[in-house]
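Student: Attaching a single structure in structure tokens format; questions to follow.
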Amino acid sequence: MTHALLVIDVQNDFCPGGALAVAGGDEIVSGINALMADYDAVLLTQDWHPAGHSSFASSHDGAAPMSVIDFPYGPQVLWPDHCIQGSHGASFHKDLNVDRADLIIRKGYNPDIDSYSAFFENDHITPTGLEGYCRTRGIDTLTLVGLATDFCVNYSAVDAAKLGFNVTVRQDLCRAIDFDGSLKAAQDGMSSAGVTLS
Ligand code: VGL
Ligand code: ZN
């Protein structure tokens, strides 16, 4: 077994004070750092949007942040502007042990498609390349931590399970947006996909 720790989006914009702050987002950083030594590989994701990204409410006339509209690939939540490439908000939390990471994979750079999952963009077709990286390194088991439980962690965990990886989500080292029942829906979806929730 080759076991990787996949750390999802521990970035300033998802921490208190950020543009899309997740309550308690900064509380998980020291626990994540402490886990890193136990894994064969540490992989980080970084949400990385161009200014004017199509998932931003500000890109749609009159649309309120957190409203939902139909995109060619299905319903899409319209977010406040966040994680703009090169911005402070897109940077990792200052205490995250980035030096331990073997890989930093960026996602959400395609202006027309959002990308919650570390493996596929929200069209569920366009790969990020992470699957190939994991397979060529012989990584077969993934433990996920990070932000947000109900969006990027959830989508990443479900995709990983569908791809055949053994997947565990450490919920104590994740925090949720919990928008409109999204946390419960995510937990149910992850369980059905065969993800171990611990
Ligand atoms: C995320 C919403 C938009 C996340 C990223 O990291 O969960 N959520 N972009
Ligand atoms: Zn985003």
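Student: At a Förster distance of 22 Å, what's the computed FRET efficiency of residue 198 paired with residue 100, Cβ-Cβ distance as r, to 0.05? Could you put the intermediate results ahead of the total?
Tutor: Numbers: r = 22 Å, r/R0 = 0.98.
For residue 198 and residue 100, the calculated efficiency is 0.55.
Student: Nearest 10 degrees is fine. How inclined is helix 182-192 to the longest principal axis of the chain, computing both from alpha carbons?
Tutor: Approximately 40 degrees, to the nearest 10.
Student: Below 15 angstrom from the Cβ of residue 87, what's the summed charge of the other residues (Lys, Arg +1; Asp, Glu -1)?
Tutor: Numbers: positive: 94, 106; negative: 9, 13, 47, 81.
My count for the surroundings of residue 87 gives -2.
Student: Under 1.5 on a/c is rounded, so check that first for region 81-134, then, if it is not, pick prolate when a/b is larger than b/c and oblate when it is not; a ≥ b ≥ c are the square roots of the alpha carbon gyration tensor eigenvalues.
Tutor: Working: a/c = 3.02, a/b = 1.25, b/c = 2.42.
Because a/c hits 1.5 or more and a/b fails to exceed b/c, region 81-134 counts as oblate.
Student: How much FRET efficiency would the formula 1/(1 + (r/R0)^6) give for residue 135 and residue 71, where r is the Cβ-Cβ distance and R0 is 25 Å, rounded to 0.05? Walk me through the intermediate numbers first.
Tutor: On the way: r = 29 Å, r/R0 = 1.17.
Calculated value: 0.30.
Student: Quick one: grab the alpha carbon gyration tensor of region 115-175, order the square roots of its eigenvalues as a ≥ b ≥ c, and give me rounded if a/c is under 1.5, else prolate or oblate depending on whether a/b is larger than b/c.
Tutor: On the way: a/c = 2.14, a/b = 1.20, b/c = 1.79.
In terms of gyration-tensor shape, oblate.
Student: Another question, then. May I ask you to list the lysines whose Cα is less than 25 Å away from that of residue 94, ignoring any residue fewer than eight positions away on the same chain?
Tutor: List returned: 107.
Student: 5 Å is the cut-off here: which amide hydrogens, built 1.01 Å from N in the peptide plane, fall below it relative to residue 146, excluding neighbours closer than 5 in sequence?
Tutor: 8, 174, 175
Student: Same structure again: Compute for region 49-198: radius of gyration divided by Kirkwood radius, i.e. Rg/Rh, restricted to C-alpha atoms, rounded to two decimals. Please report the intermediate quantities before stating the final value.
Tutor: Details: Rg = 15.4 Å, Rh = 16.2 Å.
Here Rg/Rh amounts to 0.95.
Read-outs throughout are calculated quantities, based only on the coordinates presented, and are distinct from any laboratory measurement. Computed from a predicted structure; not experimentally measured. Glycine gets a Cβ as well: all are built from the backbone with ideal geometry, and neighbour counts include every protein chain shown.
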